[in-house]
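> Shown below is the structure under consideration.
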Amino acid sequence: MKENGTIERIRDYPSPNPHVFLAEITYWSCGLRVKGMLATPKKEATYEGILYLRGGMQSIGMVRPARIAQIASEGFTVFAPYYRGNRGGEGRDEFAGEDRWDAIYALEVLKRFCIPTRIHLFAFSRGGIMALWTAVLRSDITSLVTWAGVSDIYLTYEERTDMRRMMKRVIGGTPTNHAEAYEERNVLPKISEIQASTLIIHGKKDQNVSFEHAVMLEKELLGNNKIVETWYYPEFTHYFPSKVNRQVVKDACRWMKKQRGV
């Protein structure tokens, strides 16, 4: 078994942005070959790093080259793991179960291409709980941005009736008859272990990941005397209008660069 975070293969990937280089990287996580996408500006420099943690499950919410290139164009090297079982990667997606290690070990990949002491997490939707676990289990994170992010696995099961069949299949049952598996994914009791400053972005009309996820996370962070900033948008849902979305990405990238870290 190869060491976690070891790169197995790098192959060039077509970039939608002429100023950004893309590559697909296969790396090792818990004895599995997992894939992800790397984006870095073509202008030669040493950039801060962003681990982008995607939302969705399997092919839904898959990493989009245009999104990764957009973030990289703000002056970052970005690595976005697909999570195990996706796009030819080994294993199976576990919805914030053992696949959280794919995010944690992806940091070792990212550090080879950026300033290793300036690492940020940028998460969307399901990626929120992946980012929170990463920030709990790693002490080398400078900042964390969670946008429309899941923070409570129980609340997701309760609210998303359309996802219950998937969650039962992937997690092994319901929160009632398979309580241990859900509690293993429950990150809120661990928030005190996060050292990175956190930015929460959320639309108050979000019906995919309710605004309550943001409220609960903010409460836990403040209750543990953590550095937290919130950007709440009363008029928006899970998806922001494209023009606003682009501006929020720019603003979030500026915010990350200002964070002092630990």
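> Go through region 225-234 residue by residue and turn each phi into a ³J(HN,Hα) via Karplus (6.51, -1.76, 1.60, θ = phi - 60°); whole Hz please, and just put x for glycine and proline.
Listing the rounded values in order: 6, 8, 7, 9, 10, 10, 10, 9, 10, x Hz.
> Between region 96-146 and region 200-230, how far is it from one alpha carbon centroid to the other, in angstrom?
Taking the Cα centre of region 200-230 as reference, the centre of region 96-146 is 18 Å away.
> With a ≥ b ≥ c the root eigenvalues of the C-alpha gyration tensor of region 1-142, is it rounded (a/c under 1.5), prolate (a/b larger than b/c) or oblate?
Rounded shape, in that the Cα axes give a/c under 1.5.
> Same structure, new question: With runs of 4+ DSSP H residues as the only contributors, calculate the mean residue ellipticity of the chain at 222 nm using -39,500 (n - 2.57) per run, divided by the residue total and rounded to the nearest 500.
One gets -9500 deg cm²/dmol as the mean residue ellipticity at 222 nm.
> Which whole-number percent gives the relative contact order of region 4-131, counting Cα pairs below 8 Å spaced six or more residues apart?
Reported as a whole number, the value is 30 percent.
> Just want the ordering: S29, S197, from fewest to most Cβ atoms lying within 10 Å of their own Cβ.
S197, S29
> From the backbone phi of region 166-181, what are the Karplus-calculated ³J(HN,Hα) couplings (6.51 cos²θ - 1.76 cosθ + 1.60, θ = phi - 60°) in whole Hz, Gly and Pro given as x?
Karplus-based 3J(HN,Hα) across region 166-181 equals 4, 5, 4, 5, 6, 8, x, x, 9, x, 7, 9, 9, 4, 4, 5 Hz.
> Using only the alpha carbons, work out the radius of gyration and Dmax of the chain in angstrom.
Cα-based Rg and Dmax for the chain come out at 17.1, 54 Å.
> For A45 and Y232 in one chain, what is 0.36 nm times their gap in residues minus the Cα-Cα distance, to one decimal in nm?
63.9 nm
> Considering amide H positions built from the backbone, and no H for Pro or chain starts, which residues 5 or more places from L121, or on another chain, come under 5 Å of its amide H?
L51, S143, L144, V145
> Relative contact order for the chain using alpha-carbon pairs under 8 Å, separation at least 6, rounded to a whole percent?
Dividing the mean separation by the residue count of the chain yields 15 percent.
> How far apart, in nanometres, would the label points at T117 and E184 be if each is projected 7 angstrom from Cα along the Cα-to-Cβ direction?
3.7
> Contour minus end-to-end for N224 and E158, with contour as 0.36 nm per residue of separation and end-to-end as the Cα-Cα distance?
Stretched out fully, the N224 to E158 stretch lengthens by 21.2 nm.
> Report, in whole Å, the centroid distance computed from the Cα atoms of region 156-171 and region 47-66.
Here the answer is 21 Å between Cα centres.
> Please list 69-77, 220-228, 234-242 highest first by mean number of surrounding beta-carbon atoms within 10 Å per residue.
Answer by packing, highest mean first, reads 69-77, 220-228, 234-242.
> If amide hydrogens are placed 1.01 Å from N in the peptide plane, which non-local residues have theirs closer than 5 Å to the one on E229?
Distant-sequence amide H within range of E229: T198, L199, I200.
> Which entries of K111/K258; K204/K250; K226/K257; K168/K205; K205/K257; K205/K258 have Cα-Cα distances beyond 25 Å here?
In this structure, K168/K205; K205/K257; K205/K258 lie more than 25 Å apart at Cα.
> How would you rank I50, I153, I104, I194, going from fewest to most other Cβ atoms within 10 Å of each one's own Cβ?
The fewest-first ordering by Cβ neighbours comes to I104, I153, I194, I50.
> Here's another thing I want to ask about it. Can you give the FRET efficiency to the nearest 0.05 for Y239 and E212, using r as the Cβ-Cβ distance and R₀ = 22 Å?
0.75
> Right, here's the next one. Of the residues Y233, Y82, Y105, which exhibits the maximal mean-square fluctuation in a Gaussian network model of the chain defined by a 10 Å Cα contact cut-off?
Y233
> Can you pull the one-decimal nm distance between simple spin-label points at E8 and C30, each 7 Å off the Cα toward Cβ?
Result for the modelled spin labels: 1.5 nm.
> Here's something else I'd like to know. So what is the relative contact order of region 104-188, in percent, for Cα pairs below 8 Å that sit 6 or more residues apart?
So the answer I get is 25 percent.
> Give me the Å³ per residue figure for the convex hull around the C-alpha atoms of region 110-246.
126
No value in this document is a laboratory result; all are computed from the given coordinates. Nothing here was measured: the structure is a model prediction, and the numbers come from that model. With ideal geometry, Cβ positions are generated from the backbone for all residues, glycine too; neighbour counts draw on all protein chains shown.
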